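The values are calculated or read from the model by the stated rules, or taken from the named source; none is laboratory data. Just so you know, these numbers come straight off a predicted model, no measurement behind them. Note: ideal-geometry Cβ built from the backbone for every residue, glycine included; neighbour counts use all protein chains shown. Note: accessible area is taken over every heavy atom of the protein model, side chains too, but ligands, DNA and RNA are not part of it. Shrake-Rupley method; radii C 1.70, N 1.55, O 1.52, S 1.80 Å.
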Amino acid sequence: MVWFSQSIPRHAFILWVALKKRLKTHDKLRFWEAHADLSCAFCQNGPDSHSHLFFECPFPNLVWNGLKVKLNLNGIPDIWADIIGMFQQVTKGKTLWSIIRRLVLAATVYHLWQERNNRIFKSKRRSHIAVGKTITDDVRSRLLSLSFKSSLNVDRARLVWNRP
Ligand SMILES: [Zn+2]
């Protein structure tokens, strides 16, 4: 699900770390690194964690929900474990949609983690629309480098993703 020939390596790496729950979220800090006022960079509502960032917290949730319409899949959950369970079922094989779903999940995790760190360490913040656009731009440019034989599904993806 993470490493495939069309994946974007820097995105795939962060997704791989997130799947292992090894991103250095607040709940993973050692006691001497943690301080009392640790709060989520998005909602300021307590320390963050993998399940909070992907995608229980309101801001990541907005970003994720804005992308669902671009995945050609009904009933996509918001809870990390459920998403992974579903994606393991629906991202098998080399169909264009399967590739798109994996690219979007990896890009979303990557850019939300970037946004979270920019907010914490650089005091830079972007809107959920801007973060969503960065994700779709990255996925779109990856798609532009792939070629697929025309079919109903491929044409639909082209329409949804504005591929020429
Ligand atoms: Zn939050």
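For Asn74, the criteria (1) away from the ligand (no atom under 16 Å from the Cβ); (2) open to solvent by 50 Å² or more (accessible area, probe 1.4 Å); (3) within 16 Å of the chain's Cα centre (by Cα) hold in every case but one, which is (3). Of the set (1) in contact (Cβ under 8 Å) with a residue 24 or more places away in the chain; (2) within 13 Å of the chain's Cα centre (by Cα), all apply to Gln114 but (1).
In the stretch 46-65, the qualifying residues are those that are under 13 Å from Ser127 (Cα atoms) and within 11 Å of the ligand (Cβ to nearest atom), and the one that is most open to solvent (accessible area, probe 1.4 Å) is Pro58. Considering only the stretch 136-144, I want to know if a residue exists there that is among the β-branched types (Val, Ile, Thr) and more than 14 Å from the chain's Cα centre (by Cα). No, because not a single residue in the stretch 136-144 is among the β-branched types (Val, Ile, Thr) and more than 14 Å from the chain's Cα centre (by Cα).
Restricting Thr91, Thr108, Thr134, Thr95 to those that are of a type in the set (S, T, N, Q), open to solvent by less than 30 Å² (accessible area, probe 1.4 Å) and away from the ligand (no atom under 16 Å from the Cβ) reduces the list to Thr91. For the stretch 30-45, the condition of being within 29 Å of Arg140 (Cα to Cα), over 14 Å from the mean Cα position of the chain (by Cα), aromatic (Phe, Trp, Tyr) and open to solvent by less than 30 Å² (accessible area, probe 1.4 Å) holds for at least one residue.
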